[in-house]
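Taking it in order: structure first as structure tokens, then the write-up.
What follows draws every value from the coordinates through simple rules; no lab data is involved. If you're wondering where the values come from, they're calculated on a predicted model, not measured in any experiment. When we count neighbours, we look across all protein chains shown, and the Cβ atoms used for this are built from the backbone with ideal geometry, even at glycine.
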Amino acid sequence: MDLFNALVALSNFVIIPAIAYGSQLALGALGVTLIYGILRFSNFAHGDTMAFGAMLAVLITWLLQSMGVSFGPLPTALLALPFAILGTMALVLLTDRVVYRFYREQKAKPVILVIVSMGVMFIMNGLVRFIIGPNDQRFSDGERFIISVREFKALTGLKEGLAIKTTQGITVVVAIICVALLFWFLNRTRTGKSMRAYSDNEDLALLSGINPERVVMYTWLIVAALATTAGVLYGLDKSFKPFVYFQLLLPIFASAIVGGLGSPLGAIAGGFVIAFSEVTITYAWKKVLKYAMPESLEPSSLVQLLSTDYKFAVSFVILIVVLLFKPTGLFKGKSV
Amino acid sequence: MKKLLLASAAGALLAGAASAEEIKLGVILGFTGPIESLTPSMADGAELAMKEVSDSGKLLGGSTVASVRADSTCVDAAAASAAAERLITSEGVKGIMGADCSGVTGAILNNVAVANGVVMVSPSATSPGLSHANNEDNGLFFRTAPSDARQGVVMTEVLMEEGIKEVAVTYTNNDYGKGLADSFQAAFEAAGGSVTINAAHEDGKADYSAEVGALASAGGDRLVVAGYVDQGGSGIVRAAIDSGAFDTFHFPDGMISNKLQENFGDEIEGSTGQHPGTDSPGAAKFSELVGDSFDATSPFTPESYDAAALILLAMQAAGSSDPAAYKEKIMDVANAPGEQIFPGELGKALDILAGGGEIDYVGATAVELIGSGESAGNYRQIVIDGGKIATAKYR
């Protein structure tokens, strides 16, 4: 019985939050990694692309809510998601036309493109604040919990409770669907194959008649869809605030680099590595150990490896270790 | 000719000593920077007191008071010190109503005010670091806002009365949060309670599952959230409720606003909190006095009125606008014994003081100076009842 309690406490405070957070990071990191693989630069504007997509979803959700449309127990934002993706696609294609294409034609070095993307980041940053403001916005509705702590306790009679939020469930399901679709697209379709070919060897791809502008356009479209989905899921699960997306850029890049830049599988693994290490290393194990250990060995201290202040430091330590010993990342991406 | 000049100069001097002068007071507040939305009404509050005193014509035989504003920026200690230096050396102010934020207030006090011997009365600096137990300030610094150390004690009293002996504490990672959390922990443990964990959280993050995991593991009867309601504080509370880690919370001043009620409603039923506030009739009289000319309920605005009033009343009590003389009188006019003085009654107070009587300045915020000259503070204790913030009592 005690072991069950330990397991439930661990799932409630570590495993479930980390899986949800990891899925959100993975979706974000996939976008970063795709841009890096095909356009060959680190896109710093990715966080703010997420914010822009999520902002569109918030606005459309409000519109739907005011028209009385709802999605039953699921959040209305899921209905708004496709429209938000279309809007974000338009925005990234526009920035590509106006900004990035110029530098691509110049064959600018990646470092120049990185700096250009920072400029784009600041503009998008301002655009989002200009439209919706810098404050917290709440747009989730529908059922809040798949199972709440109280229900779980009544159901099992355990002392510890377990809560699974609807948004956490949706995050994981949507992330799995997105990843499955993406891999099917990259491995099975003609366009996907041409994208991989272009990523592996640009010159060979050009020789075999692949149209680079088409590849670039498809990449942006996929990235916009991924970014918006990640942004909306994150906003639903936590709350929508423009500044938060800007800060999310760091763990997203850490995930992409740990996994191996340019490798989609690596981005997903990296997302979960970062999320789990952030949560487990700073978790105070006292509660779990109290259940799992015999009474005589009960810990009196918190059994916390690192204070939660150092949450972000954890991802960076992992990042440094990976870069030192395996510069291409866990899944053999391109070296940075 | 020479004699005539000397005589007339001496005459002028004599006349000057006996008759009215124009007294300048500095108003140093962060008109630009993080609290720029609060400072205009704070300055208006202080200037209202100066105008009231000037109009009465009773200060030091009919002296008038002029305000000179300067920008403390709230964050830039060098800019604030330069502004204060200018006020004292080139404008010749006799006292400073300010500064506002704790950091710049300390900088002005140590670099400028003590060196020049000018009195400062801050309406809003709450850092415990500004309490001068050993007279490092030469008795020049006062404040009409309570120190956060005081809030830690009040918070302990509230929790102890609720029968809560074990709490977890999380604070926003800055001077305010850390100061408050530490002073609370000290007070709570001294009163026999135990703090299971005292952990920081960063503002502006959206994910607080790691923080709440640690807090939940440490356990406690209640979670004390020394944060900001429109920043990380709400994120922590949200994550704690969702994961079932804590059902009730205790909120210091940074968390108490309508936003709290909007965000959580009856999900935090039974939670408690406190923030500076008073049921003294002074607050109502101040609002009445201000009318529509500015927002009398804006934070620290009544404190600003009281700060300026205290300086002027102390001058009257000392019979001089010299800071070295009137600094001794500030505690006397602020505290009992004497006749109670409310906002709008400064003229009456000047009369009593001129007649050699004693006053007990109550003002808009029920001023009671303790320790080295800081407000004892009045707190409104709240409880979440039926999803609404309700007043439990004042203490």
Where in region A:15-37 does the label zone of A:Val98 land, with the point 7 angstrom along Cα→C-beta and an amide N cut-off under 13 Å? none
Given H placed on each backbone N at 1.01 Å, which residues far from B:Tyr394 in sequence or on other chains put an amide H within less than 5 Å of it? B:Gln381
What does the charge dipole of the protein assembly as shown about its Cα centre add up to, to the nearest 20 debye, if the Cβ of each Lys and Arg holds +1 and the Cβ of each Asp and Glu holds -1? 3340 debye
Partner chain Cβ atoms within 10 Å, averaged over the residues of A:304-310 - can you pull that number for me? 5
Could you work out the per residue convex hull volume over the alpha carbons of the protein assembly as shown, in cubic angstrom? 210 Å³
Helix A:190-200: inclination vs chain A longest Cα principal axis, degrees, rounded to 10, gives 90 degrees
Report, as an integer, the average count of C-beta atoms from other chains found within 10 Å of each Cβ along B:241-253. 3
Just checking the protein assembly as shown: which Cys have no other cysteine's beta-carbon under 4.7 Å? A:Cys178
Length-normalised contact order for chain B - Cα pairs under 8 Å, 6+ apart - percent: 17 percent
Once phi is turned into ³J(HN,Hα) by the Karplus curve 6.51 cos²θ - 1.76 cosθ + 1.60 with θ = phi - 60°, what whole-Hz value does each residue of region B:191-199 show in order, with x for glycine and proline? 8, x, x, 10, 9, 6, 7, 10, 10
If packing is taken as the mean number of other Cβ atoms within 10 Å per residue, what is the order of B:230-238, B:117-125, A:140-148, highest first? B:117-125, B:230-238, A:140-148
Average Cα contact separation per residue, region B:94-180, under 8 Å, 6 or more apart, as relative contact order %: 26 percent
Give me the distance in nm between label points sitting 7 Å out from Cα along the Cα-to-Cβ direction at B:Glu358 and B:Ala115, one decimal. 3.9 nm
When Cβ neighbours within 10 Å are restricted to other protein chains, what is their mean count per residue of peptide A:135-143? 1
Bridge type composition, chain B - antiparallel percent by DSSP, nearest 5: 25 percent
Antiparallel DSSP beta bridges within the protein assembly as shown, as percent of all bridges there, nearest 5: 30 percent
Can you give the angle from 0 to 90° between the axis of helix A:46-66 and the longest principal axis of chain A, with both taken from C-alpha atoms, to the nearest 10? 70 degrees
Measuring from label point to label point, each 7 Å out along Cα→Cβ, what is the B:Asp322 to A:Val173 span in nm? 8.2 nm
log10 of Debye I(q)/I(0), alpha-carbon scatterers only, for chain B at 0.09, 0.11, 0.15 Å⁻¹: -0.56, -0.79, -1.29
FRET efficiency, 1/(1 + (r/R0)^6) with R0 45 Å, evaluated for A:Leu206 and B:Ala78 via beta carbons: 0.20
For each of A:Trp184, A:Trp285, count neighbouring Cβ atoms within 10 Å of the residue's Cβ, then give the residues from fewest to most. A:Trp184, A:Trp285
Binned at 20 Å starting from 0, the alpha-carbon pair-distance distribution of region A:2-325 in whole percents comes out as 30, 54, 15, 1
Relative contact order (percent, whole number), region A:2-325, Cα cutoff 8 Å, 6+ residue spacing: 34 percent
